Amino acid sequence: IVSIICFFIGLYFSGFLSGSRGTLLAIILIAPIVIHYFINSVLLTLLTILSVAIVGMILTSLETASFVNSFYFIRIQNGLETLLLLNKSDNSIFQRLEIWSAAIKVFSDAPLLGHNITERFNALRPYLPDSVPSYTHPHNDIFASLISSGLIAGFASFVSLISALLAAFLDDRRCVEKMYLGFMLVFSTFVTANVSTVFFNDISSAWLAFSTYLIWNMEFEDKS
């Protein structure tokens, strides 16, 4: 009960009060895993997910009809419009789309060795419009690795991001609980790495490394 309470408090702070849509996406991806772990029934899990999805659509409809006025819902709506309609209703997402498009072009210029880690953003500038301000990284860890040092660095970045799942799978003491934790951490890191950064943020990279260490070393008692 204490764990469940802490979990929902964490969802409220990290998924709502933070206003981070990337965190919300990670929560949506791990939610089925958490629900299935608690309920331990595929049918009930599907029914719960369906119920939550219906409530979410109702809240979104109410916000669209101006019955609910939430800055968070407005940000989500603007973000979806930017991604689906390619307009500029959400400037942060629009700038990311421009940066990622430029990153693909830059990587194609030097796919094997990259452009050197110190030039990871300078190499993007010729492909970016003037409306995109200067950043120190391309808001995507895999793209940043590919630009910095080519295919080998990109592969190393991918392996690092799934390290928690590898730790759960390769451990001789592997169990369902470790696989649950590994999958949840991988979903979280992949969302973070593809819309922001993990490896250019000391706190995020330390969290990934320490969580992987815990998954590798934890032992669970046998359960009936």
>> Please compute the contact order of the chain in relative form: average sequence separation of alpha-carbon pairs under 8 Å and at least six residues apart, divided by the residue count, as a percent.
In response: 17 percent
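If you place +1 on the Cβ of every Lys and Arg, -1 on the Cβ of every Asp and Glu, and leave all else neutral, what size is the dipole of the range 111-207 about its Cα centre, to the nearest 20 Debye? Please list the in-between numbers first.
On the way: 5 positive and 7 negative charges, 20 e Å.
Here the size comes out at about 100 debye.
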>> With a 1.4 Å probe and all protein chains left in place, how much accessible area per residue does the range 95-224 have, in Å²?
In response: 55 Å²
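What translational diffusion coefficient, to the nearest whole µm²/s, does the range 150-224 have by Stokes-Einstein, given a Kirkwood radius computed over alpha-carbon pairs, a temperature of 25 °C and 0.890 mPa s viscosity? Each step should come with its number before you reach the end.
On the way: Rh = 12.8 Å.
In µm²/s, the coefficient rounds to 191.
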>> Which of Leu47, Leu166, Leu112 ends up with the largest GNM mean-square fluctuation for the chain, with Cα atoms connected below 10 Å?
In response: Leu47
> For Ile49, Ile147, Ile5, what's the largest-to-smallest order of accessible area, 1.4 Å probe?
Replying inline: Ile5, Ile49, Ile147
>> Not counting ligands, DNA or RNA, and with a 1.4 Å probe, what is Leu24's accessible surface area in Å² rounded to the nearest 10?
In response: 50 Å²
> How would Phe94, Phe155, Phe199 rank on accessible area, largest to smallest, probe 1.4 Å?
Replying inline: Phe155, Phe199, Phe94
> At a probe radius of 1.4 Å, what is the per-residue accessible area of Met179, in Å² to the nearest 10?
Replying inline: 50 Å²
> Using the Kyte-Doolittle scale, which helices in the chain average at least -1.0 and also have C-alpha atoms spread 15 Å or more along the helix axis, with helices defined as whole DSSP H runs?
Replying inline: 21-39, 42-64, 71-85, 91-109, 141-161, 176-195, 202-217
> What does the accessible area of Tyr213 come to, in Å² to the nearest 10, when a probe of 1.4 Å is used?
Replying inline: 130 Å²
> With labels modelled as points extended 7 Å from the Cα through the Cβ direction, what inter-label distance (nm, one decimal) is found for Ile4 paired with Ala206?
Replying inline: 3.4 nm
>> Leaving out ligands, DNA and RNA, and with a 1.4 Å probe, what % of the accessible surface on the chain is carbon or sulfur?
In response: 70 percent
> By how many nm would the segment from Ala110 to Leu214 lengthen if fully extended, with 0.36 nm per residue of separation less the alpha-carbon distance?
Replying inline: 33.7 nm
> Among the trypsin sites (Lys or Arg not before Pro) within the range 115-224, which fall in a DSSP loop and have no more than 12 other Cβ atoms within 10 Å of their own Cβ?
Replying inline: Arg173, Lys223
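About the Cα centre of the chain, what is the dipole size in debye to 20, counting +1 per Lys and Arg Cβ and -1 per Asp and Glu Cβ, all else neutral?
240 debye
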>> Within 10 Å, at most 11 other Cβ atoms, and a DSSP state outside H, G, I, E, B define an exposed site. Report the longest part of the chain free of exposed GluC sites (Glu not before Pro).
In response: 1-218
>> Along the Cα→Cβ direction, 7 angstrom out, place labels at Ile152 and Tyr12. What is the inter-label distance in nm?
In response: 5.0 nm
> Starting at 0 and stepping by 10 Å, how many percent of the alpha carbon pairs of the chain end up in each bin?
Replying inline: 7, 25, 31, 24, 11, 1, 0
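The values are calculated or read from the model by the stated rules, or taken from the named source; none is laboratory data. Predicted model only: the values in this text are computed from it and were never measured. Backbone-built Cβ (ideal geometry, glycine too); neighbour counts: all protein chains shown. Accessible surface areas use protein heavy atoms only, side chains included; no ligands, DNA or RNA. Shrake-Rupley method; radii C 1.70, N 1.55, O 1.52, S 1.80 Å.
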